[in-house]
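The values are calculated or read from the model by the stated rules, or taken from the named source; none is laboratory data. Everything quoted here is computed from the prediction, not taken from an experiment. Backbone-built Cβ (ideal geometry, glycine too); neighbour counts: all protein chains shown.
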Amino acid sequence: MDIQRAGSLMGSPNSMESLEKQLSCPICLDMFTKPVVILPCQHNLCRSCASDLYDSRNPYRFSGGVFRCPTCRFEVVLDRHGVHGLQRNLLVENIIDIYKQQQEGSGESSAPEAPVKPKGGKEPMCQEHEDEKINIYCITCQVPTCSMCKVFGAHKDCEVSPLASVYQAQKAELSNAIDALVAGNGRLQALLNQMDEACTAVQENAQRAKQNLGERFDGLYAVLEDRKATLLDRVGKEQDEKVAVLRGLASRYGDRLQAGSELTDTAVRALEQSGAAEFLQASKGLITQTKDAAKGSLAEERPEPGFERMDHFTINTEQVEALLAKMDFGVDDDEFEDAEGEEEE
């Protein structure tokens, strides 16, 4: 139904009555009050009625809830915005405006407009004039009051307006403010979702960076361990070679020492002989052997001075330590080589 067609149906009283039924809320049975929300099943409700129905079904709502359409019993599922997340039916609202204009044009609204009756309760009465209903709104004092207060009471010098018009205006203003707040909450929720996604991305990227860093340092450890094993092998080989040379010399020295000791014992026994003839028979050979053995001990091969030293295997790690200490993120190989060249200079 479009607006022009709705206007054409408002000619006769029967059509007006039929249209009024179509524009009546199935909960409060009164004409829809703005804003009018449209359910997923295409039926309409006053937002306040829909909110009351939603609250009665979901007293502890924190993240959405459900209720059934009072017309077709369709189950309506709402998100965390609740009823305020439903779309407004602007077409129905415009038809209601046209209907009210037709009512006013036909003279039905010539009498003073009565305030909207609170649903499910009695009309409020004035505290100053107990027999008077609250039917006007004091714009100056921003409070609802009665006609007697305007004529004789505290609001006789104030600016007033019909209660219904102020009610509709402030209700529409509050509804628009709620819509704006819901939209703002939606933007905040989107920002929260972005922050959550960013936190997750940071954690994942940091984990990958840690893994990559660990792999790089494991590679450095492997290179150092391999180099360490190579250098230790070189030290071990020279150690074995020198020890073998020294032990060979010690073995020869031991053999000569043993031979010299035996020759000394023989020479001493010869000296102890009492007979001159016997001594002279053995002394010539003993003297020659003893002299040759003494000369041989003086000419025996010996290791070079400092043969036992191993300090040429000392390694200088200060430059490498300085380079490693300066290792940082964002430094490429060229910069690292330049830093190494500066250290060498």
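Close contacts from the stretch 137-152, counting a first residue that is surrounded by 18 or more Cβ atoms within 10 Å (Cβ to Cβ) and a second that is at pLDDT 85 or above and among the aliphatic types (A, V, I, L, M), with Cβ to Cβ under 9 Å and a gap of 6+ residues or different chains, come to TYR137/VAL143. Residues that are outside any loop (DSSP other than H, G, I, E, B) and within 13 Å of GLN127 (Cβ to Cβ) within the stretch 137-158 comprise VAL143, PRO144, THR145, MET148, CYS149, listed in sequence order. Comparison of ALA259, ALA277, ALA293, ALA267 shows that the only residue that is in contact with a Gly (Cβ under 6 Å, 6 or more places away or on another chain), among the aliphatic types (A, V, I, L, M) and in a helix (DSSP H, G or I) is ALA293.
LYS326 meets each of the listed conditions (1) over 60 Å from the mean Cα position of the chain (by Cα); (2) at pLDDT 80 or above; (3) basic (Lys, Arg) apart from (1). What about SER161, is it surrounded by 11 or more Cβ atoms within 10 Å (Cβ to Cβ) and not in a helix (DSSP H, G or I)? Yes, satisfied. Going by the structure shown, is GLN189 within 17 Å of the chain's Cα centre (by Cα), within 30 Å of GLY85 (Cβ to Cβ) and surrounded by 11 or more Cβ atoms within 10 Å (Cβ to Cβ)? Criteria met by GLN189. For the stretch 1-17, the candidate set comprises residues that are farther than 17 Å from ASN94 by Cα and of a type in the set (S, T, N, Q); within that set, the residue that is modelled with the lowest pLDDT is SER12. Among the residues that make up the stretch 187-206, is at least one of them free of Cβ contacts under 8 Å to residues at least 40 places away in the same chain, part of a helix (DSSP H, G or I) and under 30 Å from GLU123 (Cβ atoms)? Scanning the stretch 187-206, I find no residue that is free of Cβ contacts under 8 Å to residues at least 40 places away in the same chain, part of a helix (DSSP H, G or I) and under 30 Å from GLU123 (Cβ atoms), so the answer is no.
Conditions (1) crowded, with 17+ Cβ neighbours inside 10 Å; (2) at pLDDT below 85; (3) farther than 29 Å from ASN135 by Cα; (4) under 37 Å from the mean Cα position of the chain (by Cα), marked per residue:
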position	(1), (2), (3), (4)
CYS25	yes, no, no, no
ARG61	no, yes, yes, yes
THR71	no, no, yes, no
ARG80	no, yes, yes, yes
PRO112	no, yes, no, no
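In a residue-by-residue description of the stretch 164-182, the property of being outside the structural domain of LEU78 (by TED's automatic domain parsing), under 22 Å from THR33 (Cβ atoms), in contact with an Asp or Glu (Cβ under 8 Å, 6 or more places away or on another chain) and not aromatic (Phe, Trp, Tyr) applies to at least one position.
Out of the residues in the stretch 221-244 that are aliphatic (A, V, I, L, M) and free of Cβ contacts under 8 Å to residues at least 60 places away in the same chain, which is farthest from PHE329 (Cα to Cα)? Ranking the qualifying residues of the stretch 221-244, first place goes to ALA244.
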